[in-house]
Each structure stands twice: as structure tokens, then as C-alpha cells.
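Below: the structure, in C-alpha cells.
The values are calculated or read from the model by the stated rules, or taken from the named source; none is laboratory data. The structure presented is a predicted model; accordingly, all values stated were derived computationally and were not measured. A quick note on method: Cβ atoms are made from the backbone with ideal geometry, for glycine too, and the neighbour counts reach across all protein chains shown. Ligands, DNA and RNA are stripped out before the accessible areas are found, and what is left, the full protein with its side chains, is counted by its heavy atoms. Shrake-Rupley method; radii C 1.70, N 1.55, O 1.52, S 1.80 Å.
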Amino acid sequence: MKPSRKTLFTIILIVSLSVLLPCGAIFLHFIFGSDFTKCIAVVMCLLGYNFLVRTFIGQAITFFLRNKNQFNLESAWLRPKKFEKKLYRFLKVKKWKKHVVTAIPEQFDTKTLPLEIIVKNMIQAELVHIIIIFAVLLPVLFAQKTGYPYLVMAGSIFSALWDMQYVILQRYNRPKVVRLMKDLQHSRA
């Protein structure tokens, strides 16, 4: 699926801000050299890194899987695990799932896309967010060098948890969409 102009504009804006804001904050720190400007520079670098990681990983996975139209839905990775239903009930996913912000909602639009494509997009989204979780935790390795280790660790952990909601959401919704897709295939046959 070709990205819309709005999506391309958003990607360019995010990448630009992800580079310019940290550079500006680092420049301000070199001018003023205070603890406050150093803290702002660390925060801006962490935010910039997080947004760049999300953008590049999302685009890379989309690029590499763009021609893959079939996934083995019975594979160990994609098959729902026994503990998941209890976990989703405990986390009350059904209540909060409708409030989650989706970066590219047209990828999951049941009115314009066949269910097979939506399932593919769900699998891609899950993979993207799993990789992002590991990538956003990398700054923890360098937290001590920043002078603000707790800030970096808290930001990285929050960021990883933020992406975990998307993994949970994809794993929660996919079995239902797959069931619906299989029911429709059987009714056509």
C-alpha cells in the first residue's frame, strides 16, 4: 500500500524535528553550559532518538515485507498463546483499545481493505513495535554517561511500555480478524 501524502508529510516532519530539536538543544548547552540546558539536551536527544527509531523501523519493516502476502498464521509466533486471554482480561484491553492512537489508521480500515491485507498489516505492526521496544531500551546502556541516568532509564522504559500497548493490541485483535476472514472464506466456498 502506497503511503498517502499526509503520511509522507508526517514522516518528513518527524524526521526533521527529531534531528533539529536535539541539535538546537545541544547548541544551547554549548552556549550556556548550565545543568538545565544539559538536561534539556538529554531529553531532546532521547525524544529525537525515539521518534527516529519509530520512523525508520516502521518504514524498513514495511519496505522489506511489502511483497510478502502470506504469513503462516499457525506459526508459533503468530498463534495466540494460552495465557493471552487472561492477560488481556486482566489488562482490560477491551476498555482502552478504542482510545489508542494509530499512526496510519488507513492500514486497518475494514471498509476499504480486504481482511487479508489488514491481517498482514497487523502482523507487520506487531513486528515493528517489538523491534522498537528493544531499540528504545538501548539508551539505558549509555544512561550513566549522560549525567541523568534515571531520566534516561525512565524515558526508555516508558517508551518501551508505550510500544508494548501496540503489540498487545495487535495480538488481541488479530485472532478475531483471522476468525472473521476464515468464516468469510468458508461462506464463499
Please give the solvent-accessible surface of residue 137 in Å², to the nearest 10, using a probe radius of 1.4 Å with every protein chain present. 60
How big is the gap, in Å, between the Cα center of segment 124-156 and the Cα center of segment 63-89? 24
Report the charge-dipole magnitude of the chain in Debye, nearest 20, computed about the Cα centre from +1 at each Lys and Arg Cβ and -1 at each Asp and Glu Cβ. 1000
Label point distance in nm, residue 71-residue 154, each placed 7 Å from Cα along Cα→Cβ: 3.5
In the full protein assembly as shown, how much of residue 162 is accessible to a 1.4 Å probe, in Å² to the nearest 10? 110
Of 179, 66, 171, the most mobile residue in a GNM of the chain (C-alpha springs, cutoff 10 Å) is 179
Under 15 Å from the Cα of residue 82 - aspartates and glutamates, other chains or at least 8 residues apart: 74
Quick one: Cα convex hull volume of the chain, Å³ per residue? 148
In degrees rounded to 10, the 0-90 angle between helix 115-137 Cα long axis and the longest Cα principal axis of the chain is 30
Note down the relative contact order for the chain as a percent, whole number, built from C-alpha pairs under 8 angstrom at least six residues apart. 22
Residues residue 116 and residue 187, FRET efficiency given R0 of 22 Å [Cβ-Cβ distance, rounded to 0.05]: 0.90
Quick one: how many Å² of residue 9 are accessible to a 1.4 Å probe, rounded to 10? 130
Judged on accessible area alone, 1.4 Å probe, highest first, 159, 187 line up as 187, 159
With a 1.4 Å probe and all protein chains left in place, how much of the accessible area of segment 1-54 comes from carbon and sulfur atoms, in whole percent? 79
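Order these peptides, 107-116, 22-31, by their mean beta-carbon neighbour count within 10 angstrom, highest first. Intermediate results must be reported in sequence, preceding the final value.
On the way: 107-116: 12.9, 22-31: 15.3.
Per-residue mean Cβ counts within 10 Å order the peptides as 22-31, 107-116.
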For the chain, with the dipole built from +1 on Lys and Arg beta-carbon atoms and -1 on Asp and Glu ones, taken about the Cα centre, which of 17, 29, 164 lies farthest toward the positive end? 164
Can you tell me the orientation of helix 149-188 relative to the chain, as the angle in degrees between its alpha-carbon axis and the longest Cα principal axis, to the nearest 10? 10
For the charge dipole of segment 50-158, defined by +1 on Lys and Arg C-beta atoms and -1 on Asp and Glu C-beta atoms about the Cα centroid, which residue among 102, 55, 65 has the Cα displaced farthest towards the positive pole? 102
Calculate how steeply helix 35-64 sits against the longest principal axis of the alpha-carbon atoms of the chain, using the helix alpha-carbon long axis, and give the answer as 0 to 90 degrees to the nearest 10. 30
